[in-house]
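K.L.:
I'd like to ask you about the structure that follows.
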Amino acid sequence: YHPSCTARMAPLGDGGAVDARLRVHGVQGLGIVDASVQPKIVSGHTTGPTIGTAEKAADLIKEDY
């Protein structure tokens, strides 16, 4: 059992907790980068998608700073 999708990436109106840039809705300066942001449960192990999410987050952070 690998918990995921508990803070899923989606619009706030659709029940999402983070936006497409992994920023928490309504909380300035806070982002999440782990398996909880995956919008749907993956069919395999969560490690691969989580590493991909972390790499994308690093790119987003570099864009901001």
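The values are calculated or read from the model by the stated rules, or taken from the named source; none is laboratory data. Here the structure is a predicted model, which means the values were calculated and not measured. No Cβ is skipped: glycine too gets one built from the backbone with ideal geometry, and neighbour counts run over all protein chains shown. Quick note on the areas: whole protein, heavy atoms, side chains included, nothing else; ligands and nucleic acids left out. Shrake-Rupley method; radii C 1.70, N 1.55, O 1.52, S 1.80 Å.
K.L.:
Could you tell me the center-to-center distance, by alpha carbons, between region 1-21 and region 27-65 in angstrom?
P.N.:
11
K.L.:
Lys and Arg at +1, Asp and Glu at -1: add these up for the other residues within a Cβ distance under 12 Å of Ile32 and post the number.
P.N.:
+1
K.L.:
Could you run the Karplus curve 6.51 cos²θ - 1.76 cosθ + 1.60 with θ = phi - 60° over region 15-30 and give me ³J(HN,Hα) per residue in whole Hz, x for Gly and Pro?
P.N.:
Each residue of region 15-30 in turn: x, x, 9, 10, 8, 5, 9, 6, 9, 5, 4, x, 10, 5, x, 10 Hz.
K.L.:
Still on this model: Which percent of the accessible heavy-atom area of the chain goes to carbon and sulfur, probe 1.4 angstrom?
P.N.:
58
K.L.:
What does the accessible area per residue of region 12-64 come to in Å², with a 1.4 Å probe and no ligands, DNA or RNA counted?
P.N.:
With the other protein chains kept in place, region 12-64 gives 67 Å² per residue.
K.L.:
Bin width 10 Å, alpha-carbon pairs only: give the P(r) of the chain as whole percents, running from 0 to the bin holding the largest distance.
P.N.:
Answer for the chain: a P(r) of 23, 53, 23, 2 percent.
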